[in-house]
Structure formats: C-alpha cells, structure tokens
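Below is one structure; the comments refer to it alone.
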Amino acid sequence: MASRFDIGFAKTARASGGLAILLQIADQTAAGLGEVDPEGIVTRAAGVAKFTGKALKTLDVLAPHGAPVDRILVLGLGEVAKLVAHDWLKAGGAAAGKIGRADKATIYLDAPGATVTAKNAADFALGMQLGAYSFDIYKTKKSEDDDARNGKAAKVTIVTAAASAAKKASDVSDAIADGVILARNLVNEPANVLGPVEFAEKAKALEKLGVDVEILTEREMKRLGMGALLGVAQGSVRPPRLAVMHWKGGKEKDRPIAFIGKGVVFDTGGISIKPAAGMEDMKGDMGGAAAVIGLMHTLAARKAKANVVGILGLVENMPDGNAQRPGDIVKSMSGQTIEIINTDAEGRLVLCDALWYCNETFKPQFMINLATLTGAVMVALGSHHAGLFSNDDTLSARLTAAGLSTNERLWRLPLGREYDKMIDSKFADMKNTGGRYAGSITAAQFLHRFVKETPWAHLDIAGTAMGSPTDEINQSWGSGFGVRLLDELVRANYES
C-alpha cells in the first residue's frame, strides 16, 4: 500500500508554493515565521483568533499576502513542561491530517522554547505515516485528496537543526511504521482473502529481510500431537498452519526471546456459534498474530541486535459436520487433556499448543503471547488498556514501562490458584472455560498451565487491536496494537 507522503529532512529549506506547517509552543512564537511570513500575517491572525499554541490546536491561514507559500498552518505543541515523547507522534499525526490536497509541505519543527532532538523529529515523521494510513484497496474511487494529487505522494520536507541525525533515526521509525502498517493491513483484510495459508505466506515473505521461516502443516502438527489447535481447525475446509519465524540478530550463544500470536483468521464461535450482530468483526480475531508478524518485520528491518522467535497459530473456527462439539475431549501437545465446554473459547486452545511448542523447541528466555482472547477484558478495561497477566514481576514491569513509553498501555490483572478451580474438569485435566465470572483471568490461568517455569506474559488485546478509539496516529479499524510496545520492550531491555 503506497504511502501518502514522501518525507525528507533538511536543516534549512526555502519554501515555495504548497503548504507550510509551523510548530508552536504555548505562548511562544511559531517556528519558521521569518521564512514564510515576511508581512506578519500569522501573528495578526493569531491575535484575532486568540490562538496561543495549545496542544494540537491549529491556526490555518489561506493565501497569506506576501508569503512564498499558498497556505500556512500553525500547529500547537502545548506547554513545554508537559511535552513528552508520544506528543511528537501525535503532532505528526495531526499534521498529516491537515495536509489535505497539497502536493508538497514544508514543516518547521524547531519551535522556539523547545529542544528538538533527532528522535523527536523521527517520531514526528512516524506519527505522520501512521496518521495518514487508510485501508482503501477495495474501494474503486479515490479520496478527493488523492484524486487532487493524481494518486501521487505529497512531498514533505521536515526542517530541523537535527536533520542529519534525524535521517539516521528515521531508519528505525520507518521500520516501525512498516511493521505497524503490516499488522493493520492484516487485521483489516477480509477473511475470504486472508486464510491460514495466505497468512503463513505473509510470514514466509519475511525471509527477504533475513528472517528464518518454517511453516508447519496439518500433517506436521498431528505428528507433534497438537490436538488442541487442530481441534479448532477441524471444522474449516481451510487447513491450519503454524508459522515459526526466527530472527538471529544477537550473539549465537544467547537464548532467544519469544512472541506468540493467536491467529484465528475468522471466528464464528464454531458449534457454540456467536450472534450474527457484529460477527463481521471476527475477521480481526488474528490481531495477536498480526502484531507478532508486524514486530518481526520491524526487528528485522531495523537489524535488531537480539535473537527473537515469533510463532503464529493460524486457524479458522467454523461450524460444519466435522467441527468439534461441546463435550469433546482433546489432547494437547503437552499431554494434558482438555474438555471443550464452549467452542467459542478457541483462542486458548490454539495458543496452548503454540506455547508448548515454543518452549520445548527454543528454550526461550521468556515468552509473551498476544491474543484478542476475551470480551471480559473489555468489560474490565475498555479500549484504552490491554490486559496483562504474568508469572514474572520483572517481565511485567518492563512491559508496563514499554507501554507507558509508547502509549500502548497495559494493566496487570491477577493470576491465582483460586481461579484454577474454575477450570478444573470432571472428565479431563481441565476445561476450556470457567464460566462468565473472571473470564479473562481464567483464560490466562488456562494458558499458565502450558508454560512450565519459563517467564511468561499474556496480553489480552481484544479491546485494543480492533475497533479501538481513533486518535491522531490511528484512524483505522485495525490499530496494529502491540508492534510499537514490543519493539520498545526489546530495544530497551534485550538488545546486545
């Protein structure tokens, strides 16, 4: 999917035509006034409009007299004392939303009163890329803005004293943007286009970036004894896949870190079928797998100095004559048996075999799984935090810190033996659901039985991966939640 912007950096620029965007700290003057507003039109307009540079507020001046540009937009950054790293992404997203039909834009980043670093500039560019994203490949008519530019990307020049270092920093931010956009594209794709086999092919494509990829078929999973994952898949005519991605960017002797994603490409609920209303959203029930493949893309593209394993459990959950039934008992790869109480509690069945396979095969330092697992986590946390469950306080703290840094926030919820009783079965080692109460906790408690003593965290992203509130850097139904969070976790803690 083509980018709407061709973004570059420069220490100085002579704006001519198009749009100029000037950043302004609250109650200060705007950046770049001398270059684009020789007659003081912006200052006069700000006085009339009582514009003071509050965060993300704008002042828009069309056809300013005597100016070398066609339009000047002033974008507020707010109070410098309250300015944090994520605000630069938001500002970039806000700027992207204001470019409209302009075929070129010059952005003056060095607002008086602010110290602009190379990372700030790269984050601003990242915010522009994410904020401009839209999933429109199935629309036959272009948007009015794209039509006005004949589908060409607008040329954007970001002017800052930190331009040279920002160009280098943008290599990392470009890799992050590509990973998030890959995840968003996958979540937004309709299920008739993206099945388990097609998703596995997306993983295989990462070999171009140097990722080792192995795709396990149904036959290989049967040989391994993955009865839980295969039980979910047996009602669909589309065969399951387990995609195993390995990025070897660290020292050879270093054990890898591991990320596992639930990839239910469509979830009808199986025999325990979901209500019809809203079922179309279940094309996004692979948001965890989308985040993991997006993360692996980012890590490989920026040449992360870490050994990382990514595993995707890819299935479709459909009702047919061969679908598993409530009351069935399946045997997981671990040897533990599971009574199926509700075929709509399928994600944990996919993950338990993927977790066990990962642990046995790679002996990782830790495992983190991501899944759009329960509606219960949305009841508890809404769409502004993902649920975090963990058996390791250090890993939990690092994840929480990464979430605060990227604004992909997590909230830790409890695990405990008391909840184990809720998933004990009369007929098998466990059942796959513990009932209505503490639904997200009992799901996590179920997964906990498949990780042994390995440090592990489970992120329930049901409320954040799809249909979450839009903001300056995400106007999409599929958010790509988790890519930036986990990239920050790796960069801050696990690169050699």
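Please give the contour-minus-distance gain from K274 to K303: 0.36 nm per residue of separation, less the Cα-Cα distance, rounded to one decimal in nm.
Full-extension gain reported as 6.2 nm.
So what's the net charge close to E280: Lys and Arg +1, Asp and Glu -1, counting the other residues with Cβ under 15 Å from its Cβ?
On the way: positive: K274, K283; negative: E189, D267, D281, D285, E316.
Spelling it out: positives minus negatives among the neighbours equals -3.
Tell me the accessible surface of W411 in square angstrom (1.4 angstrom probe, heavy atoms of protein chains only), to the nearest ten.
Counting only protein heavy atoms, W411 exposes about 150 Å² to solvent.
Cβ under 14 Å from N342's Cβ, N342 left aside: what net charge do those residues give with Lys, Arg +1 and Asp, Glu -1?
Working: positive: K274, R325, R348, K431, R436; negative: D267, D328, E339, D344, E346.
Counting the neighbours of N342, the net charge comes to 0.
Which one, F51, A233, P469, is farthest towards the positive end of the dipole of the chain when Lys and Arg carry +1 and Asp and Glu -1 on their Cβ?
F51
Highest first, please rank the peptides 472-479, 193-200 by the mean number of other Cβ atoms sitting within 10 Å of their residues.
Descending mean neighbour count gives 472-479, 193-200.
What distance in nm separates the simple spin-label points at R101 and D424, each placed 7 Å from Cα in the Cβ direction?
Reported label-point gap for R101 and D424 is 7.0 nm.
Rolling a 1.4 angstrom probe over the protein heavy atoms, how many square angstrom per residue are accessible across the chain?
Numbers: 20670 Å² over 496 residues.
That works out to 42 Å² per residue.
Within the stretch 44-84, list the trypsin sites (Lys or Arg not before Pro) lying in a DSSP loop whose Cβ has at most 16 other Cβ atoms in a 10 Å radius. Numbers along the way, then the final one.
Details: sites: R44, K50, K54, K57, R71, K82; in loops: K50, K54, K57.
When the trypsin sites (Lys or Arg not before Pro) of the stretch 44-84 are filtered for loop state and at most 16 Cβ neighbours within 10 Å, K50, K54 remain.
For the chain, give the percent of accessible area contributed by carbon and sulfur heavy atoms, probe 1.4 Å, rounded to a whole number.
Numbers: 10390 of 20670 Å².
Accessible surface attributable to carbon and sulfur in the chain totals 50 percent.
How high is the relative contact order of the stretch 325-388, in percent, with contacts defined as C-alpha pairs under 8 Å that are six or more residues apart? Don't skip to the end; give the middle numbers.
Values: 43 pairs, mean separation 14.1, N = 64.
Result for the stretch 325-388 is 22 percent.
Round to the nearest 10 and give me the degree value, 0 to 90, for the angle of helix 85-99's Cα axis relative to the longest principal axis of the chain.
Value to nearest ten degrees: 70.
Just list whichever of K167/K303; K331/K421; K262/K283; K50/K98; K119/K204 have alpha carbons separated by over 22 Å in the model shown.
Numbers: K167/K303 16 Å; K331/K421 20 Å; K262/K283 12 Å; K50/K98 20 Å; K119/K204 31 Å.
Long pairs (Cα-Cα over 22 Å): K119/K204.
What is the local net charge at P326, summed over the other residues whose Cβ is closer than 13 Å to its Cβ (Lys, Arg +1; Asp, Glu -1)?
Details: positive: R325, K431; negative: D328, E339, D344, E346.
That works out to -2.
Quick one: what are the phi-derived ³J(HN,Hα) couplings along the stretch 64-77, Karplus 6.51/-1.76/1.60 with θ = phi - 60°, whole Hz, x for glycine and proline?
Result, rounded to whole Hz: x, 4, x, 8, x, 10, 7, 7, 10, 10, 9, 10, x, 9.
Divide by every residue of the chain the summed helix terms, -39500 (n - 2.57) for each DSSP H run of at least 4, and state the resulting mean residue ellipticity at 222 nm, rounded to the nearest 500 deg cm²/dmol.
Details: 16 runs with 172 residues, N = 496.
Calculated mean residue ellipticity at 222 nm is -10500 deg cm²/dmol.
How much of the DSSP bridge set in the stretch 384-496 is antiparallel, in percent, rounded to the nearest 5?
Details: 6 of 9 bridges.
Restricted to the stretch 384-496, the bridges split so that about 65 percent are antiparallel.
Let me test this: with uniform point scatterers at the alpha carbons of the stretch 217-344, what is the Debye-based log₁₀ I(q)/I(0) at q = 0.10, 0.16, 0.18, 0.19 1/Å?
Relative scattering, expressed as log10 I(q)/I(0), comes to -0.38, -0.85, -0.99, -1.05.
Take each of the peptides 296-307, 269-280, average the number of other beta-carbon atoms within 10 Å over its residues, and list them starting from the highest. Don't skip to the answer; put the middle values down first.
Working: 296-307: 22.8, 269-280: 14.1.
Result, highest mean Cβ count within 10 Å first: 296-307, 269-280.
Helix 118-131 versus the longest principal axis of the chain: what angle, 0 to 90°, nearest 10, using Cα atoms?
Once rounded, the angle reads 70 degrees.
Roughly speaking, what is the centre-to-centre gap between the stretch 290-360 and the stretch 393-450 when only Cα atoms are used, to the nearest Å?
16 Å
How tilted is helix 393-406 with respect to the longest principal axis of the chain? Cα atoms for both, answer in degrees (0 to 90, nearest 10).
30 degrees
The values are calculated or read from the model by the stated rules, or taken from the named source; none is laboratory data. Just so it is clear, the model here is predicted, and its values are computed rather than measured. Here Cβ is always computed from backbone atoms with ideal geometry, including for glycine, and neighbour counts include all displayed protein chains. These area figures cover heavy atoms from the full protein model, side chains too; ligands, DNA and RNA do not enter into them. Shrake-Rupley method; radii C 1.70, N 1.55, O 1.52, S 1.80 Å.
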